[in-house]
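The values are calculated or read from the model by the stated rules, or taken from the named source; none is laboratory data. Worth saying up front: this structure is predicted, and the values here are computed from it rather than measured. Methodologically, a virtual Cβ is constructed for each residue, glycine included, from the backbone with ideal geometry; neighbour enumeration extends over all protein chains shown. The protein model used for the area step is the full one, side chains on, heavy atoms only, and it has no ligands, DNA or RNA in it. Shrake-Rupley method; radii C 1.70, N 1.55, O 1.52, S 1.80 Å.
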Amino acid sequence: RRAEKAEECCNFLAQISVLLAEPSDATSTLRNIAIAVTPFLADYCLIHWFEPDGTLQQFTAHHCDRDRQPLIESLAPFYSTFSENLDCLVAQTLRSQSAHIESTVSSDFTRTFLLNSQSQDLLDQLAPCSVLLLPLVTHGRCFGLLTLAMSDSNRHYSDLEVSTAHDLALWTALAIYNAKLYDKAEETNRLKQEFLATVSHELRTPLHAILGWTHILRTRKINEATTELAIETIDRKANDQLRLIYDLLDVSRIFAGKLRLKSELVDLETTIYEAIAQLRIAAQSKSIQVNVQINQVSSVIGDQKYLRQVIWNLLSNAIKFTPNNGQVTIELTQQNQIAQIRVRDTGEGIEPSFLPHVFDRFRQADGSLTRSHGGLGLGLALVYYLVE
């Protein structure tokens with residue numbers, strides 16, 4: 001019987017390896033694993049993983065008894081309130097990154113599982129008689145938790161089943177790790193494609209204006225005021241294009257580790273007013289009032305050229321996303337030995353869901369070519385890396 005059970009476990013792991021080898025997204029793969037696990041290795045199976053913000057979210061759950069499926073799905077909210085500081089079994093398992101085996105569930109198991117009376121009631125209804133808590137660990141990092149439980153079958157985990165479950169947890173962790181790498185690579189590739197399309201669009205736009213006004217100037221059939229407007233537009237559009245190219249070069253230098261900062265004494269007040277002067281026309285065209293609030297600040301050590309670029313980018317963004325007749329305020333203060341520059345505006349703001357990505361390269365809240373605001377999505381990335 002032991003030999004037969006060992007062969008069954010080998011066949012089960014072979015089945016899991018086939019599931020993992022199939023080209024599929026993480027969602028489908030882990031759902032298929034949870035289904036394959038029941039009822040061979042558990043009456044019900046739960047897979048949780050850590051979100052980027054550190055919360056533990058229920059990714060998938062499956063019970064071999066369809067009538068009890070709603071019960072295990074109802075456990076999801078209690079895991080999301082989990083904290084590593086708790087002294088419950090789930091927290092202890094994740095902290096230690098080692099499996100917890102409850103071969104025979106004791107009377108106080110449900111009470112100590114998540115330290116929550118409502119989750120205790122749900123677990124009592126599920127009636128587990130033998131439970132395995134397996135942290136999903138690979139490359140030295142814990143990605144989540146695999147929970148396996150025997151209930152109505154009244155089975156208890158043998159050493160062979162525990163060993164099989166350990167292999168399952170390792171493979172599941174690898175599946176999550178590889179899926180995250182794949183998703184990240186796909187997202188990076190998509191963003192690069194969008195970025196290249198944006199670059200070509202942003203470089204063409206000022207060129208069209210330059211070529212158009214050059215053609216008009218060549219006709220020599222315009223008055224002096226129009227000539228001045230043409231020259232001013234050509235100059236502004238050429239500088240816009242030059243700035244785009246410089247931004248691309250700076251990003252290239254930063255990520256190649258070749259950007260060199262020249263440390264010197266910098267008068268921040270002068271630097272701020274220089275940046276404002278460069279954006280005067282952009283602000284006036286939208287009737288935006290730029291307010292300056294400067295407290296007594298001594299000179300700082302920094303690179304004047306790149307500090308001006310940081311301030312210019314912040315102000316440029318504020319003006320770009322502030323509607324006509326709005327206000328932009330730049331404030332310079334000193335806290336102990338640290339100078340602080342703060343830019344505020346009365347613009348449209350940023351969606352909370354996009355805030356974690358606001359300093360990412362190639363990322364824009366609206367990345368389409370039909371968006372109402374131009375730009376490469378590099379300005380705030382440059383600000384972040386230059387200040388860092």
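Quick notes on this structure:
- Residues satisfying the stated conditions in region 266-320, i.e. closer than 20 Å to Q337 by Cβ, of a type outside the set (S, T, N, Q) and not in a helix (DSSP H, G or I): V266, D267, I294, V297, V300, I301, G302, D303
- Test for G212: is it open to solvent by less than 40 Å² (accessible area, probe 1.4 Å) and free of Cβ contacts under 8 Å to residues at least 12 places away in the same chain: yes
- A single entry from Q97, Q69, Q92, Q120 fulfils the requirement of being modelled with pLDDT under 75 and open to solvent by 30 Å² or more (accessible area, probe 1.4 Å): Q120.
- Residue pairs meeting the criteria (Cβ under 7 Å; at least 6 apart or on separate chains; first assigned to a loop (DSSP other than H, G, I, E, B), in region 251-265; second open to solvent by 100 Å² or more (accessible area, probe 1.4 Å) and not polar (S, T, N, Q)): S263/I301
- Leading residue by the ranking (most open to solvent (accessible area, probe 1.4 Å)) among those in region 266-277 that are touching a residue at least 40 places away in the same chain (Cβ under 8 Å) and aliphatic (A, V, I, L, M): I276
- Per the listing R280, R308, the residue uniquely of a type in the set (D, E, K, R) and without any contact (Cβ under 8 Å) to a residue 24 or more places away in the chain is R280.
- Restricting region 164-191 to residues that are closer than 11 Å to L41 by Cβ and either outside any helix (DSSP H, G or I) or out of contact with any strand residue (DSSP E or B) (no Cβ under 9 Å at 6 or more places or on another chain) (or both) leaves a set whose member that is least open to solvent (accessible area, probe 1.4 Å) is T164.
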